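Asks: Can you keep this structure in mind? I'll have questions shortly.
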Amino acid sequence: ARRRIIAGNWKMNMTPSEAVKLVAELKDLVKNDDVDVVYCVPAIDIVPVVEAVKGTNVNVGAENFYIEDKGAFTGEISAPMLVDAGVKYVIMGHSERRDIFGENDILINAKVKKAFAAGLKPILCCGESLALRKAGTYKEWIERQITWDLDGVTADQVKNLVIAYEPIWAIGTGETATADQAQEVCGFIRELIAKLYDDATAQAVRIQYGGSMNAGNAAELLSKPDIDGGLIGGASLKPDFGKIVNA
Ligand code: 13P
């Protein structure tokens, strides 16, 4: 059986002092030894948050990194820096990075490979726009994203991968995909992994849903056979996150 993984994506929220307060506020609420709990936090919050979660069940993730180890890349942080700071997971392929910062599947593919090589677990995001949802071509879109993003990634690596299905129309809009809509695509992603790799890999890869997930809708989404967890934005900054962890 796959272990559930509930990750918060704090996005560009929480100053370092606010971050430490939030971790303390959530500490008892997110206790659950049967679930992987991850806080993906802004780069400047990583060091204090790693310190603040010591001795708890929470792991820390990064929201971004660059594929080179070091050098003349003003403004960037590297995978070895994240590892040294105690980071275990890193998000890549988020629609905000694709759309606002122009990241394409070639870079995202390089990030997947670099993260694994450095010892970080990637949380690889995919998802379609409202236009593609309405056009009915969303599965083709997601197949293309994942096929590109995993080019040259091995089956053993994919077994340790987390894929987050985040329909763009559901992110920050309050409009959650229905549990059936989310299951349809998460099931499709698992079938795609079986096609690209094999059944054992497809059964091992963990697939999250993300997009307006909250304390009220988490249990139904997580009851679906191919939804192994959630990637949570807004609700990860509130006590509600504890309810999602324990949904
Ligand atoms: P919301 O939960 O705020 O809709 O954000 C989802 C998301 O983008 C997580 O990565």
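Asks: For the pair residue 155 and residue 57, what calculated FRET efficiency results from E = 1/(1 + (r/R0)^6), where r is the Cβ-Cβ distance and R0 = 41 Å, to the nearest 0.05?
Replies: The value I calculate is 0.90.
Asks: When only C-alpha pairs under 8 Å and at least 6 residues apart count, what is the relative contact order of region 104-179, in percent?
Replies: 42 percent
Asks: What are the semi-axes of the equivalent ellipsoid of the chain, taken as the square roots of 5 times the eigenvalues of the Cα gyration tensor, listed largest first and rounded to whole Å?
Replies: They are 25, 22, 17 Å, listed from largest to smallest.
Asks: Extension gain residue 180-residue 18, at 0.36 nm per residue separation less the Cα-Cα distance, in nm?
Replies: 54.7 nm
Asks: Restricting to Cα pairs below 8 Å that are 6+ residues apart, what does the relative contact order work out to for region 4-245? Please round to a whole percent.
Replies: 21 percent
Every number in this text was worked out from the coordinates using simple rules, so none of it is lab data. As the structure is a prediction and not an experimental result, all values here were calculated from the model. Glycine gets a Cβ as well: all are built from the backbone with ideal geometry, and neighbour counts include every protein chain shown.
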